[in-house]
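Heads up, the thing below is written out as structure tokens.
None of the figures in this text is laboratory data; all of them are computed from the coordinates on show. Since the structure is predicted, the reported quantities are computational estimates derived from the model, not experimental observations. Please note: Cβ atoms are built from the backbone with ideal geometry, for glycine as well, and neighbour counts cover all protein chains shown.
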Amino acid sequence: MKKKSIIVGTLILTIANTVVRLVGMLFRIYLANTLGAEGMGLYQLILSIYMLMVTLATSGIRIAVSRLISEQLALRNYSSAKRVLHQSVALSMFTGFASAFILYCFADYMGSNILHDERTTLALLYLTPSLPFIAVSNCYKGYFYAVGKVSKTAIVQVAEQMVRIFVIFLIMDTFLPKGIEYGCAAIAIGMTVEELFSLILTWLFYIFDKKPFKHSNTKPDNMFFKILGIALPLSATSNLNSILRTAEDTMIPARLLIYGLSSEASMSLYGMIKGMVLPILFFPSSFLSSLSSILIPSVAGDNAKSNEKKVSETLSKVLHFTSISGILVVAVFLTFPKEVAIAIYNDEQVGLMIKLISCVCPFMYLNMVISSMLNALGEQMSSFKVNIIESILKISIIYFFIPVYGFNAYLFALFITTILNTILYLTRLLQISCIVFDISNWIFKPVAAGAAAGFISKYLYEIFVLNSSGNIISLISSIIILCLIYLMGLILTKSIHLPTVKQLRGYLVR
């Protein structure tokens with residue numbers, strides 16, 4: 001995939017992701033006001049089991065499709081690329097129906113004995129039909145990522161979000177009066193309809209797409225074992241991570257009870273972090289999640305052609321951008337934590353949590369991107385080992401220390417494991433590539449620019465508030481000023497160079 005295609009594709013996905021996340025954030029505000037913190041906690045518990053089943057259903061196949069089709073197209077093995085997709089769809093249908101069967105049969109057990117809350121069972125049952133839909137649609141999305149036609153997946157992302165919200169709005173008033181569990185069930189129905197719509201739309205886009213392997217006459221290779229070779233390690237990693245994350249999610253409220261909090265307070269605190277704070281912190285990462293999706297087929301194609309210089313150049317620029325983006329996010333949330341929380345949720349306690357957790361954002365973002373890099377380079381097992389270490393350490397801290405130190409122990413676990421994960425990921429990436437980590441331009445200079453930008457923008461914000469009644473406008477203006485000062489600081493310190501900015505602008509205006 002050419003550099004221009006990476007940039008344009010990333011921008012298309014970024015716009016889609018930003019729209020989806022912005023609408024999703026507004027919808028979360030609606031849910032938080034409708035269900036309350038306890039209801040959000042219950043919803044997050046349901047999601048912990050559901051995401052485990054989604055992981056089982058998808059089994060890392062989308063990444064396998066994206067990577068293998070990119071490699072086969074780069075090598076002009078068009079028939080093999082076509083077979084990758086067909087065999088992946090068949091495999092996904094099997095895993096999708098298998099996971100749906102498991103969830104349907106054990107929903108009551110999972111709700112009562114794993115989540116320890118029978119109110120989750122109804123929503124889990126309503127989510128069951130969505131699993132085959134999401135498994136198969138993921139294959140077609142992987143195809144579009146591989147061939148660089150990301151505009152179609154962008155359209156699907158926005159459309160499916162709108163469908164989900166419309167359905168939930170339509171039925172919530174009927175379900176919620178019966179109890180919080182029925183409110184969560186209404187969300188589950190919306191999510192299932194969303195996945196059905198996503199599959200139909202993605203399949204229609206594929207049917208009418210001009211395919212690069214349509215008229216291929218070469219004899220295809222059997223790609224089934226290659227698919228499994230990529231998908232199984234990813235699936236094992238993802239499934240184990242999901243199991244451990246589910247254990248972590250269900251353990252937090254239970255250990256807070258032992259610490260001395262009430263059941264309602266434990267669920268509310270859990271819901272605040274998982275359902276309100278973390279979505280805000282991950283909201284700015286739209287560009288990075290888009291870049292991660294584009295990165296796998298791009299790097300896989302270059303890697304298949306043994307273009308090591310191009311691979312290293314691409315990865316270095318992405319790491320640089322990820323680092324300065326994460327530091328910018330920290331600058332924003334450390335400068336305006338209370339203001340952002342009040343503007344979004346009208347809750348100062350959320351602002352305190354944002355301030356505390358935002359410092360780990362650069363590591364979260366780096367984890368997201370470096371994980372995609374390792375997968376693109378065939379290092380699935382490295383990701384698997386690192387994630388195991390992280391999850392076991394985090395669960396151990398939660399289990400042993402939350403009953404003694406309360407929620408502070410969870411914050412410590414989040415910080416220490418995220419930082420450790422980043423160090424281990426980065427160490428492995430540096431071992432297998434020619435990247436040189438430029439600590440001065442990627443960390444020290446951006447931190448200095450972020451500190452200066454935060455100080456100046458906070459001072460200007462206080463002036464704006466004193467001379468204006470519009471706090472929201474003042475906040476938005478101050479954040480924009482912070483970003484501009486930060487960019488100027490990066491340019492002045494030569495963390496980024498004007499030729500690079502001009503080069504990027506050239507790609508965008510062509």
Exercise. For region 3-437, give the magnitude of the charge dipole about the Cα centre (Cβ charges: +1 Lys/Arg, -1 Asp/Glu; no others), in debye to the nearest 20.
Key: 1800 debye
Quiz item: With each label point set 7 Å from Cα along the Cα-Cβ vector, what nm distance links residue 348 and residue 30?
Solution: 3.0 nm
Quiz item: Just one of (i) 4, 17, 29, 29, 17, 5, 0, 0; (ii) 3, 15, 21, 19, 14, 12, 8, 5, 2, 0, 0; (iii) 4, 20, 32, 29, 13, 2, 0 is P(r) over Cα pairs in 10 Å bins from 0, in percent calculated from these coordinates, so which is it?
Solution: (i)
Exercise. For each pair in 226/385; 210/310; 152/310; 152/394, compute the distance between the two Cα atoms and list the pairs where it is over 31 Å.
Key: 152/394
Practice problem: Please give the peptides 21-27, 248-254 ranked by average Cβ packing (other Cβ atoms within 10 Å per residue), highest first, as a rough proxy for protection. | Solution: 248-254, 21-27
Practice problem: Show me 130-142, 73-85, 346-358 ranked by packing, highest mean number of other Cβ atoms within 10 Å first. | Solution: 130-142, 73-85, 346-358
Quiz item: Which FRET efficiency, nearest 0.05, do residue 399 and residue 79 yield, Cβ-Cβ r, R0 41 Å?
Solution: 0.20
Self-check item: Sorted peptide list for 275-282, 63-70, 37-44, 320-327, criterion being average Cβ within 10 angstrom, highest first
Solution: 63-70, 37-44, 320-327, 275-282
Self-check item: Simple spin-label estimate for residue 420 and residue 359 in nanometres, 7 Å along Cα-Cβ
Solution: 1.8 nm
